[in-house]
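Just so you know, all these numbers are worked out from the coordinates, no wet-lab data involved. Quantities reported herein were computed from a predicted structural model and do not represent experimental measurements. Please note: Cβ atoms are built from the backbone with ideal geometry, for glycine as well, and neighbour counts cover all protein chains shown.
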Amino acid sequence: KTKTMLGDFAQWRADQNIDVLLDTWHWPRLDYFKTLYPHGAHKTDKLGRPLQIERPGVADLDAIFRDVPPDELIRNLSWQCEWFVYHVYPSCARTYNLPVDSTVQIFDLTHGNVGKMMSRQSLRLLKMGAKIAQDYYPETMGACYVVNAPMLFSALYAIVKGFLDERTRSKVRIIGSNYQAVLLEAIDADNLPAFLGGNCTCSHVQGGCMVSGAGPWNDYVTVNREIKHKRELEEAKTEELKT
């Protein structure tokens with residue numbers, strides 16, 4: 001089974017040109033998509049793991065299905081997974097001197113329309129996304145919190161569970177509106193956005209935490225899949241000029 005999984009993984013990477021995706025993929029629709037589906041990496045938890053915060057509850061699903069081709073969404077998800085593995089995790093690991101190889105995901109369902117989330121189009125995208133994450137980037141989800149889950153969400157999750165393997169399901173915590181204490185147990189208040197019960201607003205950036213991209217990964221660059229601190233590059237350039 002392991003040999004088959006490795007073969008499928010290698011074939012998928014070859015078929016989709018994943019090895020060059022990090023350097024070649026540029027999605028012109030990304031900024032627009034983020035207005036329709038607010039999401040982004042934002043700081044870290046107490047173990048140094050990056051937070052990936054998504055707000056499907058306020059997503060404009062009608063506009064997404066009207067304006068955004070599904071194949072582009074899946075391509076961008078693949079790029080995001082590569083970015084986390086080869087840039088974000090190593091950046092966090094070097095910054096905190098901790099082993100970091102997974103993400104903490106937070107899904108905020110405030111104002112969520114469960115009916116639209118259960119549409120055929122929504123479930124198809126969820127299934128495709130879950131397949132990529134589980135089959136090709138296993139164990140990269142360290143924890144998952146679903147907060148502000150409406151009462152009807154249990155019906156949706158009953159379907160979604162069918163897409164998830166047992167290890168993934170064991171990492172998912174579904175919480176209603178009393179979630180702040182749970183999140184703050186794992187995440188420092190200064191790293192958690194105010195709309196989730198923390199102190200952070202990223203007020204220096206128009207659009208706040210969901211567009212700031214705040215995190216240690218901004219201090220690093222990836223060159224040939226090797227992580228380098230920007231300061232190292234500047235020092236090397238200065239030494240080169242001296243000689």
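What the table below lists for this structure:
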item	result
Length-normalised contact order for the range 11-96 - Cα pairs under 8 Å, 6+ apart - percent	31 percent
Point-charge dipole on Cβ atoms (K/R +1, D/E -1) for the range 91-243, about Cα centre, debye to 20	760 debye
Candidates Phe195, Phe163, Phe153, ranked by Gaussian network fluctuation over the chain, Cα under 10 Å, top entry	Phe195
Whole-Hz ³J(HN,Hα) from phi, Karplus 6.51 cos²θ - 1.76 cosθ + 1.60, for the range 74-90, glycine and proline x	5, 5, 5, 4, 4, 4, 4, 4, 4, 4, 5, 5, 9, 10, 5, 4, x
Where Rh is the Kirkwood radius over Cα pairs, Rg/Rh for the chain	0.97
Cα gyration tensor shape for the range 190-243, rounded if a/c is under 1.5, else prolate or oblate	prolate
Relative contact order, percent, the range 57-176 [alpha-carbon distance under 8 Å, six or more residues apart]	29 percent
Sorted peptide list for 40-52, 137-149, 108-120, 199-211, criterion being average Cβ within 10 angstrom, highest first	40-52, 137-149, 108-120, 199-211
Packing-based order for 63-69, 214-220, using average beta carbon neighbours within 10 Å, highest first	214-220, 63-69
Computed helical MRE - 222 nm, the chain, DSSP H runs ≥ 4 contributing -39500 (n - 2.57), nearest 500	-12500 deg cm²/dmol
Percent RCO, i.e. relative contact order, over the chain, from Cα pairs under 8 Å lying at least 6 residues apart	22 percent
Cα gyration tensor, the range 18-71 - rounded (a/c under 1.5), prolate or oblate	oblate
Full-extension gain in nm, Val221 to Ser170, via 0.36 nm per residue minus C-alpha separation	15.0 nm
Considering only the chain, percent of DSSP beta bridges that pair antiparallel, nearest 5	35 percent
Non-local Lys pairs in the chain, i.e. 8 or more apart or on different chains, that have alpha carbons under 16 Å apart	5
Cα gyration tensor, the range 149-243 - rounded (a/c under 1.5), prolate or oblate	prolate
Efficiency of FRET between Ala155 and Arg231 - r from beta-carbon atoms, R0 51 angstrom, step 0.05	0.50
